[in-house]
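Just so you know, all these numbers are worked out from the coordinates, no wet-lab data involved. The model shown is predicted, which means the values in this text are computed figures rather than measured ones. Cβ atoms come from the backbone with ideal geometry, glycine included; neighbour counts cover every protein chain shown.
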Amino acid sequence: MRRIPFKFLGFVLLALLGCSPVLTQKSARVDFGAAENWPTFYRENFRKLHSFESKARFTVESPGMSTNFQAAVIFAAPDTLFLKAEGMFGVDIGEVFIGKHRYIFYNQFQNHFWSGSLDNPYENQFLQTHLKLSELKHSIVGYVPLPDNVRLVNRRHGIFATLVNGKKWRLTVDLSTGQLQKWDVLEGEKLLLSAEFKNYRLTEGILFPGLIRLVVPGEREMVAVFHKNIVVNRKIAPERYRIVIGPKVKQLMLGE
């Protein structure tokens, strides 16, 4: 097996991809009563989501590159995400599977794959960014798994806060619509991650965004996801989000 740098793999895959679908914006709002009820409403809203499918455009920016690609997205609740990336003329380029504990990247164009554990901080990254796959798994469909101790700290501006693993989470909510607009993760005063959620729609009684933008300010990195052709809670056969690795596919070992 060959050992190659992890970031080079992301560059190779991204360099092969490119497309740009159009996102249709729809407004949506829900009534959840008092502002303090919002965390409960938010959890219940996504608890109704059993499956999610879309065609999406991914835009990835970092100091070393700027590119975009189109991908089919499948989310199977509670913790499975599958992406099938397409190049020009609909040619399959690569697949990504993120499960409960492990992930697989399959580069169909170059006939190789690499895999690892979501618990490994050096490998648990999305392509050529510092965004963790474990963070991306839910946020790609617009969901932030909330702990039980979320509290309202600023009613006027719809700001909720909590602590998760020693880091402060700050959530900004439009209390007139129930829409989570922003999710910030801070360590002390340092902003580690900032996510924005826009273009909400109400489908099958579930409120979720069609545009997600995640930023790592300290690394000048950004991943944006534009969803279209969204289908929710349709039964999905498990084989649709499995990656089948043939006997002639090479496994790559991730280097430092």
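Annotations
- In plain terms, the chain from E189 to V30 could stretch by 53.9 nm, reckoned as 0.36 nm per residue minus the Cα-Cα distance.
- Within the chain, all pairs of alpha-carbon atoms sorted by distance into 10 Å bins from zero give the percentages 7, 30, 36, 20, 6, 1.
- Residue exposure sequence - E61, E221, E44 - by fewest surrounding Cβ within 10 Å: E44, E61, E221
- Between the helical axis of 38-47 and the longest alpha-carbon principal axis of the chain there is an angle of about 40 degrees.
- Computed label-point distance, nm, for sites N233 and N111 using a 7 Å Cα→Cβ extension: 4.5
- Computed E for M253/E219 - FRET, C-beta separation, R0 30 angstrom, nearest 0.05: 0.75
- For region 103-229, the relative contact order is 14 percent, taking Cα pairs closer than 8 Å that sit 6 or more residues apart in sequence and dividing their mean separation by the residue count.
- Under 10 Å, Cβ to Cβ, from L131 - net charge with Lys/Arg +1 and Asp/Glu -1: -2
- Summarising the label geometry, the points placed 7 Å from Cα in the beta-carbon direction at T203 and D148 lie 3.3 nm from one another.
- Within the shell of other residues whose beta carbon sits under 15 angstrom from the beta carbon of E36, the net charge comes to +1, with Lys and Arg scored +1 and Asp and Glu -1.
- Checked against a 20 Å cut-off, the cross-linked pairs K100/K168; K132/K235; K100/K198; K137/K182 give Cα-Cα distances beyond that limit for K100/K168; K132/K235; K100/K198.
- Distance between modelled label sites at I159 and D174, nm, 7 Å Cα→Cβ extension: 2.0
- Per residue of the chain, the DSSP helices (runs of n ≥ 4 H) give a summed -39500 (n - 2.57) that works out to -3000 deg cm²/dmol at 222 nm.
- Its Kirkwood hydrodynamic radius, worked out from the mean inverse distance over all distinct Cα pairs, puts region 102-252 at 17.7 Å.
- When restricted to Cα atoms, region 140-205 yields an Rg and a Dmax of 12.3, 40 Å, respectively.
- Relative contact order computed over the chain (Cα-Cα under 8 Å; 6+ residues apart), in percent: 26
- On Cα atoms only, tilt of 6-15 relative to the major axis of the chain in degrees: 90
- Debye, to nearest 20: dipole size of the chain, +1 on Lys, Arg Cβ, -1 on Asp, Glu Cβ: 300
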